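Heads up, the thing below is written out as structure tokens.
Every number here is computed from the coordinates shown, using simple stated rules; none is lab data. Bear in mind that the values here come from a model prediction, so they are computed numbers and not experimental data. In this analysis, Cβ positions are derived from the backbone assuming ideal geometry, glycine residues included, and neighbour counts consider all displayed protein chains.
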Amino acid sequence: MPEGTYLFPDGFLWGSATASHQVEGNNKNNNWYAWETQQGKIYQDQKAGLACDWWGGKWKDDFDRASATGQNAHRLSIEWSRIQPEQSRWDESALETYRSMLRGLIDRNMTPMVTLHHFTDPLWIMEKGGWENEEIVSLFETYIIKVVEALKEYVTLWVTINEPNVYTHGGYLGGEFPPGKNDLKAAFFVMRNMLKGHAAAYHAIKKIQPQARVGLAHHYRGFEPAKPNFAPDKWMASFLSRNFNDSFAIGAANGKFNFAMRKEYIPQAINTQDFIGLNYYTREYITFKPFATKSMFYQGKYDPKSPLSETGFIALEPKGFYQALKWCKAFNKPIIITENGVEDSKNMIRTRYLYEHLHQMWRAINYTWPIKGYFHWSLVDNFEWERGWSQRFGLWGLDVETQTRLHRPAVDAYADLCKTNGISSESVKKYAPEIFDLLFPE
């Protein structure tokens, strides 16, 4: 039986990722809290509630677990509505709480990566029209300056905005995110203003902290034609990828923003990524449907041969991850995996998903692609937006009623990866024997 280890570069960042509203609890001043109070907006009308009780201090225990299992980094987000609960008021105590969290990471020899906008906006921002209103660009910049000045002692690795494409599609095209619109024109202005906001944030951070590394967390979803030789399927898959995957990332590279069949040149956005942050979960296969007006003339399906997560939300497509990394490489910047994971309360495919995806990442690094870190989604089960508590992405499970953390087998598998700085044959044999021959063939 073959033996060996797929080693990663020295200094590689191994961590997990979280987001403020999903873990902090009792956040009652943002658009998602308001959304949760409306009937039918969240799965079974569930609420974030106490979430993982990080605002009550449970972050300490979770950071202890992460550190003890070999993680040397953590990605978390700052809640704008806590920092600036009203336009005219800043909450210094909230900033001190975040300082405590960041000091907690530093004390545990973990590198913080901080996301400054992860889906949530203060209610007062939404009353002004949210990201549809161009005034938000300067308001966002003011918030960024306040936070970075307060936290710069502890952080040099920043994500300005998480998944602007998902924020826009969910809130302004699909309707499952607040404000629940389906308006192509509004979607264009939201994405455009987010790109302007990102650019303003980038320049503000670099002025305060020239040594900072600043980027975006891009959600890349693979769109493949269901029939590779059928021109309409190929065109539709390409159209979806250009709009969903490329528009924001290319705009932040060369200033040429092209989304929803509209274009605008935003010169201040040129070269505003010091690294490419990649969020990847799965890919789908696209069939052109000329009469399917309600679904934008296409149907997406998973490969029937690919294992599915327990609610059918994610298909195991590790080769799609490799393609996503190849997409990142074209920007000629360092790459950090800012999210990757699978919902799996019973740990049926999580360890397999983890090993197969990290093996693809190792392949890319072996070709000298500049991948610098990996953040697994997520450290602990958390509130998954419109899907509520129906999906469990955590390495550690969570009993929502008692706040008890549940040790899953993937905890040990990921700990072995982090501590070894590689994928060992012994680890795969122990935690995912069903794919041993795939990763270590004779």
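A few remarks follow.
- Protection proxy ranking, peptides 351-363, 374-386, average beta carbon neighbours within 10 Å, highest first: 374-386, 351-363
- Under 26 Å from the Cα of Lys207 - lysines, other chains or at least 8 residues apart: Lys146, Lys152, Lys196, Lys256, Lys333, Lys372
- Residues in region 306-322 carry Karplus couplings, in order, of 8, x, 10, 5, 5, 9, x, 7, 9, 9, 6, 10, x, 5, x, 5, 4 Hz; the curve used is 6.51 cos²θ - 1.76 cosθ + 1.60 with θ = phi - 60°, and Gly or Pro positions show x.
- Relative exposure of Phe257, Phe140, judged by other C-beta atoms within 10 Å (fewest first): Phe257, Phe140
- Measuring how big region 5-439 is from its alpha-carbon positions, Rg and Dmax come out at 20.5, 61 Å.
- Beta bridges per DSSP with both ends in the chain, % antiparallel, nearest 5: 35 percent
- Pairwise alpha-carbon distances in region 1-95 exceed 16 Å for 67% of all pairs.
- Note, ³J(HN,Hα) from phi for region 51-64, Karplus 6.51, -1.76, 1.60, rounded to Hz, x at Gly and Pro: 6, 9, 6, 5, 5, x, x, 5, 4, 4, 5, 5, 5, 4
- With the convex hull of the Cα atoms taken as the outline of region 248-353, the averaged projected area works out to 8.8 nm².
- Largest first, the extents of the alpha carbon coordinates of region 352-442 on the three principal axes equal 47, 29, 22 Å.
- Mean-position separation - Cα centroids, region 93-110 and region 1-41, in angstrom: 17 Å
- The string of couplings for region 415-431 from the Karplus curve (6.51, -1.76, 1.60, θ = phi - 60°) is 4, 4, 4, 5, 6, 7, 6, x, 9, 9, 4, 5, 5, 5, 4, 7, 9 Hz, one whole number per residue in order, with x for Gly and Pro.
- Quarter of the Cα convex hull surface for region 229-303, i.e. its orientation-mean projected area (nm²): 6.4 nm²
- Basic side chains Lys and Arg get +1 at the Cβ, acidic Asp and Glu get -1 at the Cβ, and with that the dipole of region 160-275 about its Cα centre reaches some 320 debye.
- By the rule of a C-alpha distance below 27 Å, with chain neighbours fewer than 8 residues away ignored, the lysines paired with Lys294 are Lys41, Lys181, Lys185, Lys227, Lys234, Lys263.
- Sorting Thr368, Thr69 by the number of Cβ atoms found within 10 Å of their own Cβ, with the fewest placed first, yields Thr368, Thr69.
- Cα centroid separation - region 206-261 against region 267-289, whole Å: 4 Å
- For the chain, size of Cβ-based charge dipole, Lys and Arg +1, Asp and Glu -1, in debye: 1160 debye
- Cα convex hull of region 290-442 - mean projected area over all directions, nm²: 11.8 nm²
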